[in-house]
Structure formats: C-alpha cells, structure tokens
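This report concerns only the one structure given below.
The values are calculated or read from the model by the stated rules, or taken from the named source; none is laboratory data. All of these numbers come straight from a predicted model, not from anything done at the bench. Ideal geometry is used to build each Cβ from the backbone, glycine not excepted, and the neighbour counts take in all protein chains shown. Please note that ligands, DNA and RNA were not included when accessible areas were found on the heavy atoms of the full protein model with its side chains. Shrake-Rupley method; radii C 1.70, N 1.55, O 1.52, S 1.80 Å.
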Amino acid sequence: MIYLDNSATTKPYKEVLDTFVTVSEKYFANPSSLHSKGGEAEKLLGQARKSIAQLLEVAPSEVVFTSGGTEGNNIAIKGIAFQHQNRGKHLITSSVEHASSHESFQYLESQGFEITYLPVDHDGLISSEDLKRSIRPDTILVSLIHVNNETGTIQPIQEIGKILKEHPKIFFHVDNVQGVGKVDLPLKECGIDLCTISAHKIHGLKGNGILFVKNGVSISSLFTGGEQELKKRAGTENVAGIVAMAKALRLILQENKEKKENLLEIKQFLIEELRSIDGIEINTPIKCSAPHIINFSVKGIKPEVLIHSLDKRDVYVSTRSACSSKQGGASRILLEMGLGENRASTAIRLSTSYGNTLKEAELTLKVLKEELINIKKVMR
C-alpha cells in the first residue's frame, strides 16, 4: 500500500495508539468528578495540557481542547464575532479558506456581519496591500489559513502579523491544521491570537484538536452546559485522546527536525516527474508551498476515475479536502486562483508524511503513467 492522502488524515503512530489504550483502561473516570479516580484523570489532563503548551511555546492556560479543526475554526471565528460585535461587525478572511472557516463566515453574513474575502493570485497568495486597504475602524477579526489544504500554498502569516500589530484591537486567527509538524509557525512571534490544530493530521486520533487562545482574548462559547476548558468549551474531555494527541505532537515535531529534507526531496521528485507527463499541469506553487502537498490537473480525465484506478493498484490519493471530496464540480480553491474550470475540475492531490519514501514516489509515478494509458485507451 502507498498512502498519499495524509492531508485528509494520517495513520496514527503506534505509540499514540498504545497511549490511548492505556489511558482508556486506567484513567477512564470523568476528570470533573470529585472522587480520587476523577482527580487522577484531571491530573493527567493537566499534564497533557502542560506538555502541549511547552511544545507550542505557549502557556497552559492558552490551550483549549476541542474535537478537531472544524470545531476549532468555528469556535475561533464565531466566538470572536459574537463576543466583540458591539465594537464592530466587519471581518476579513481569504477566498481560499477551508470549508469549516469559509462556511462559518457565510453563516455570519446571514447574521448581519460584513465579510471581506481577500482575493488571491495564481499561486493562491493574498496581498498584504489588499489586507491593509480592507482594514476599517469596525474590523474585529482577520482569519487566515496557514497552509492551504488543497494546494499547499503558505500564506505570509508573519508579515500579516506585523501589519496587525499596528491594529491591536483586531484579533488574528490562523487555521494551522495542515501546517503543524510540516511548516514552522511561531505563534507569539507572529502575533497570533487564536490558532487551530487537529490531532488526526499529525498522526493522532480523530476527534481531538487544540485551539490556542492567547491569554486576555475573550470569546463567546458555542457550547454551554459545563465549565470545562477554561469555560470556553463545555463538555467532558476526551482524556485518552488528548494525552495521545500530546504524544503525537511531540513525535511529529521531532520528525520535522529530523526528516523535513526527505519530504522536500520526495516533493521535488514528484513535481519534476509529473511535469514530464503529457496533459498534466502542476497547480501547487513551487516557491511558497508546504513540503508535503502537490496538486496537479490531468487534462480530459475525471479525477474520480483516476483515483479509483489508482485505488485498485493500492495507491491512495484524493481530489481535494476530504470534507468536500464527495461534492461534484470544480475546486473552489483553484477557481479562486484563476486556473480555470478545466484545471479546477480535474485536480488530484498527493499529500505525504514522514513515513513515505522516495521508492514509494517512484512506484506511484510508474502506476500513474500506466493507469493514464489504460484510461485513455478506454476513452477512445
């Protein structure tokens, strides 16, 4: 099996699974319970929070546990909007956000908020000048994705953070679900107020995530019914999943230090080989993209046909964000990049992680070329 759909989800580390099982067996009590077993679970939860805070170089009181990226983005965007709407109802984002952010902003528009959707260039990058021009006295939030989940484009978060430091009343939220462990992002240095992370993108388990909320930043809670997670997210914490997520974060950050060059080597090889195949166009920008995502279009071939052909050969890839993969039609992200309907409706995404090898990349290209020939024969 060659698994190249790591941006949809990653295979959990064995150590993560072992941790989850151990904690589930020994620390199953509710951490809000008053008895000693509840106290043990609460202590373990606190240790996980402290460990994650150290890894992210933030304070433990700035770590809020969620169910993943979608919930984290919803809490950050809607939480800021509703909490601070008395100061203003203008929000700024980009036109190429993940669906969980994009649809949150669309919802807020229906609630009377005004949204500026910054356009992007052919590389999928926003313009800092566009951002500056969009800022108004009633702007309360700027929310941007760090690494685009379809193309791998890296937005200039540090540059945006410097601009927003001149506007201290505007909150800065970053969706860092695809970047953690692959593209460094110093939260404090970049002036970020809220940041979303998801466990299952870093070889943790589905159903767990982190929302960094800078001390002093107040948000309206979307969930009520308890005082868990610093009163920002009611609900019994998934202690086993959280402890496992802390381990996953530590392991992937270590791999990032040791194996990032391997990812770059695989990416460069794949792009060079894909460029040599007739009818393929690369959609991922070369200079400003993450080391693990490659998006390309195959002229005249439906992506689902190619995906199923590769699937039969034990090679697993995708079309776009897993949250949108079953929707037909063209990619919203590629259309916003101005790549046209044809490229946007025939796109394939390869996404690697540290377990992938150059040999796997070579085999993938071999299988891809063979299947393209087979598909074209059938189409004649």
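Before moving on, here are some points about what is shown:
- Condition check for A361 on (1) of a type in the set (G, A, S); (2) at negative phi; (3) modelled with pLDDT under 95: one failure, at (3).
- Selection count where residues are farther than 20 Å from H98 by Cβ and either under 10 Å from the mean Cα position of the chain (by Cα) or surrounded by 19 or more Cβ atoms within 10 Å (Cβ to Cβ) (or both), scope region 164-190: 2
- The sole residue among S95, S24 that is touching a residue at least 60 places away in the same chain (Cβ under 8 Å), among the polar types (S, T, N, Q) and over 28 Å from H173 (Cα atoms) is S24.
- If the condition is being out of contact with any strand residue (DSSP E or B) (no Cβ under 9 Å at 6 or more places or on another chain) and under 22 Å from S345 (Cα atoms), then region 121-155 contributes D121, H122.
- Every residue from region 93-110 that is open to solvent by 10 Å² or more (accessible area, probe 1.4 Å) and among the charged types (D, E, K, R): E103, E109
- Residues (in a loop (DSSP other than H, G, I, E, B) and of a type outside the set (A, V, I, L, M, F, W, C)) located in region 117-128: P119, D121, H122, D123, G124, S127
- Positions within region 78-124 being of a type in the set (S, T, Y) and farther than 16 Å from V142 by Cβ, in sequence order: S100, Y107, S110
- For region 341-366, a tally of residues being touching a residue at least 60 places away in the same chain (Cβ under 8 Å), touching a helix residue (DSSP H, G or I) at 6+ places or on another chain (Cβ under 8 Å) and more than 10 Å from L4 (Cβ to Cβ) returns 7.
So that you can scan it fast, the table gives a plain yes or no per residue for (1) more than 17 Å from L222 (Cβ to Cβ); (2) touching a residue at least 12 places away in the same chain (Cβ under 8 Å); (3) open to solvent by less than 10 Å² (accessible area, probe 1.4 Å); (4) touching a Lys or Arg at 6+ places or on another chain (Cβ under 7 Å):
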residue	(1), (2), (3), (4)
F28	yes, yes, no, no
E40	yes, yes, no, no
K43	yes, no, no, no
L55	yes, yes, no, yes
H84	no, yes, no, no
L91	no, yes, yes, no
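- For L131, the conditions (1) farther than 18 Å from I75 by Cα; (2) open to solvent by less than 10 Å² (accessible area, probe 1.4 Å); (3) in a strand (DSSP E or B) are fulfilled apart from (3).
- Annotation: of all residues in region 223-268 being within 20 Å of the chain's Cα centre (by Cα) and without any contact (Cβ under 8 Å) to a residue 60 or more places away in the chain, the one that is nearest to P31 (Cα to Cα) is Q254.
- Residues of region 210-254 classified as acidic (D, E) and open to solvent by less than 30 Å² (accessible area, probe 1.4 Å), total: 2
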